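The values are calculated or read from the model by the stated rules, or taken from the named source; none is laboratory data. Predicted model only: the values in this text are computed from it and were never measured. When we count neighbours, we look across all protein chains shown, and the Cβ atoms used for this are built from the backbone with ideal geometry, even at glycine. The protein model used for the area step is the full one, side chains on, heavy atoms only, and it has no ligands, DNA or RNA in it. Shrake-Rupley method; radii C 1.70, N 1.55, O 1.52, S 1.80 Å.
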Amino acid sequence: MSRKKRKSNPRNRKRNVKEFTPKHNTVVKNIEYYEGITVGELAQKCNRNASDVIKILFMLGNMVTINSMLDDESVELVCLEFNITPKKVDPLEEEDSLLDDEVDDPKDLKPRAPIVTIMGHVDHGKTTLLDSIRKTKVVEGEFGGITQHIGAYQVGVDGKLVTFLDTPGHEAFTAMRARGAKVTDLVVIVVAADDSVMPQTKEAVDHAKAADVPIIVAINKIDKPTANPDRVMNEMADLGLTPEEWGGDTIYVQTSAKLGTGIKDLLETILVLSEVKDLKANPNRIATGTVIEAKLDKGRGPVATLLIQNGTLNFGDFLVVGTTYGKVRKMTDDMGEEIKSALPSTPVEIIGLSEVPEAGDMFKVFDDEREARLLAQRRNQVKIEQERKQTSAMSLEELTQRIAEGEAKEIPMIIKADVQGSAEAVKASMEKLEVEDVRINVIRSTAGAISESDVMLAEASGAVIIGFNVRPDANVRKMAGDSGVSIRLHKVIYKALEEVESAMKGLLNPVFEEVVIGQAEVRQIYKASKVGTIAGCMVQDGKIIRDCNVRLIRDGIVVYDGKLGSLKRFQNDAKEVSAGYECGLTIENFNDIKEGDLVEAYKDQEVPIE
Ligand code: GDP
């Protein structure tokens, strides 16, 4: 491999670690290290030659090189040999963090534009509202067209700027928050005046409240003859957003996104609220902020939209973005105009990063490229390690452990039930539980199936989901599995309470979780006087097993939940029938089976406690 080629590959760069030469007059007594520390880095921290570290580990039967990553035990053994006390730190919280931890002198702070996200139920007008707001740019004569280039834009109102994140809906908002990004200063919740408060409206309220950001309600579509703003206000007040004119503290603005009515009002309200919040930043320092979106462009390489949250980003700056790094080689604003520097609250698009970061990643500018590159590499190692450990969300078992160790005092919880009454009953009972100072904090309790948005909220808040007579579908299950969110399904309130109570005591008994094993469609019905209704079925997925539990689903609704009576292939009893085969089955004590029904087979399986 030629020298040049090796240099251009970031993976190989890591291997070109120069060996450190110890300073002889310095004796090290204590060191701090982080997950994934390499032999070379440990040697440097201990003020020793890497070969000394390699030798010690070799004597212990551990063959390593200067670039090998060490586990805690190896670090401790090496340190013991050197008579040094090691202390493990989380690099992402210590020096390697991209968090803006520098405290600015109040006299350096200047007002900055508020950053706003628009959320609301589908079809209530989020996109139209964002378009309509964008058009005010044209009205204000700021530019000639309304072509949008990046996922965020700024508009001027009375000489001041407001930044809008152009990703309507709460998915983007929650996904960012789940990654620890705090971007939004203010949330506008759109509710159509001719409709009412809908499930996603409630979810948006939950998300905004969980993130503790002020809410403005835009009652949209007031141009419609059927518009009824009072009803919206009533329903929103029931969610705790009492309008100012009724003595509460939520501001309501009436808009017609379609006609452009009330948009100025909305923008002015945003400004007033943000003045109250006294939003400030220091433009005279290096920039920090968050990735709004990022992609790989065929011609230009990694392209990232960044929101600058503090400082000024300049052309040519070196920066670490999440686990990647680079140099600002080109920077454009929301209109696609090339710019050389960008102030706080400005969204910009940059090119020059070595890889594509993720939305929600934080970024920070560094003095030189080497520093940026090393930090990005270290962050990358830690990320891999963390992903391996799947620590993004908290399972009930982990919570139990943290409670036992006295670390957690609250279990955040999402309750989903078949009817609102049950959800409320479960919530009330859960909130009454108190065991040795540990409490339940119900952040959502609603009727309905467990949805992707529940899993996202759970991931963002480290919550456990309790499903009461409802179930997640396969996608949601997978998503929960991938993100490490715990879903507990129960049919009886006291069982759910028992389980949670034991988690609160720090001792969780084995729990049973249902596992769906197969699904069959009912194709034909036979009535037999002795055995009742026999369903001729086609197994579509997985398999049906003798003695399993079954659920009869008609038009997406569970009409019966019980046990399989009998299972036959042709005339013979069968132990199991797999996908692609026909079978005849009965359901114990249940005869109301119809053609087209789905039979879902499941079993309760013990969930091991780690
Ligand atoms: P989103 O799903 O929340 O982004 O909603 P859209 O912005 O796509 O709007 C859904 C539908 O409502 C579209 O047909 C819009 O034209 C219409 N719409 C949005 N705002 C208004 C409004 O203020 N008045 C009327 N009459 N229709 C609107």
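Points worth noting:
- Of all residue pairs spaced 6 or more apart or on separate chains, those with beta-carbon atoms under 7 Å, a first member in the range 108-134 that is within 21 Å of Met176 (Cα to Cα) and part of a helix (DSSP H, G or I) and a second member that is within 7 Å of the ligand (Cβ to nearest atom) and open to solvent by 10 Å² or more (accessible area, probe 1.4 Å) are Lys126/Pro168; Thr127/Pro168; Leu130/Pro168.
- Selection status of Phe164, within 16 Å of the ligand (Cβ to nearest atom), aromatic (Phe, Trp, Tyr) and assigned to a helix (DSSP H, G or I): no
- Residue in the range 482-502 that is nearest to Ser451 (Cα to Cα), counting only those that are within 15 Å of the chain's Cα centre (by Cα), open to solvent by less than 50 Å² (accessible area, probe 1.4 Å) and not polar (S, T, N, Q): Val485
- Selection count, the range 248-274, where residues are in contact (Cβ under 8 Å) with a residue 40 or more places away in the chain and more than 15 Å from the ligand (Cβ to nearest atom): 7
- Some residue of the range 322-337 being under 15 Å from Ile115 (Cβ atoms), open to solvent by 30 Å² or more (accessible area, probe 1.4 Å) and not β-branched (Val, Ile, Thr): no
- Filtered residues of the range 258-280 (kept if part of a helix (DSSP H, G or I), aliphatic (A, V, I, L, M) and open to solvent by 80 Å² or more (accessible area, probe 1.4 Å)): Val272, Val276
- Restricting attention to the range 553-578, the residues that are at pLDDT 90 or above and under 13 Å from Gln519 (Cα atoms) add up to 4.
- Scanning the range 217-242 for residues that are within 20 Å of Ser256 (Cα to Cα), more than 16 Å from the ligand (Cβ to nearest atom) and open to solvent by less than 40 Å² (accessible area, probe 1.4 Å) returns Met233, Met236.
- Hits in the range 53-83 - residues which are under 22 Å from Val382 (Cβ atoms) and open to solvent by less than 50 Å² (accessible area, probe 1.4 Å): Val53, Leu57, Val64, Ile66, Asn67, Ser68, Leu70, Ser74, Val75, Val78, Cys79
- Checked against (1) farther than 22 Å from Asp185 by Cβ; (2) modelled with pLDDT of 95 or more; (3) open to solvent by less than 20 Å² (accessible area, probe 1.4 Å); (4) not hydroxyl-bearing (Ser, Thr, Tyr), Asp317 passes all but a single condition, namely (3).
- Looking across Thr147, Thr136, one residue alone is at pLDDT below 85 and within 16 Å of the ligand (Cβ to nearest atom). It is Thr136.
- Near pairs, Cβ below 7 angstrom, 6+ apart or cross-chain, from the range 342-367 (closer than 11 Å to Leu307 by Cα) to any residue that is hydroxyl-bearing (Ser, Thr, Tyr) and open to solvent by 10 Å² or more (accessible area, probe 1.4 Å): Ala342/Thr312; Leu343/Thr312; Val348/Thr332; Glu349/Thr332
- Residue list for the range 420-441, restricted to those being open to solvent by less than 20 Å² (accessible area, probe 1.4 Å) and either in contact (Cβ under 8 Å) with a residue 60 or more places away in the chain or closer than 17 Å to Glu410 by Cβ (or both): Val426, Met430, Val435, Val438, Ile440
- Complete set of residues in the range 116-132 that are closer than 15 Å to Ile222 by Cα and either near the ligand (Cβ under 7 Å from one of its atoms) or not hydroxyl-bearing (Ser, Thr, Tyr) (or both): Asp123, His124, Gly125, Lys126, Thr128, Leu129
- Scan of the range 547-572 for residues that are on the phi > 0 side of the Ramachandran plot and either touching a His at 6+ places or on another chain (Cβ under 7 Å) or among the charged types (D, E, K, R) (or both), ordered by number: Asp547, Asp555
- Hey, Lys530 more than 25 Å from Glu499 (Cα to Cα) and assigned to a strand (DSSP E or B) or not: no
- Identity of the residue in the range 463-498, acidic (Asp, Glu) and free of Cβ contacts under 8 Å to residues at least 24 places away in the same chain, that ends up farthest from Ala428 (Cα to Cα): Asp482
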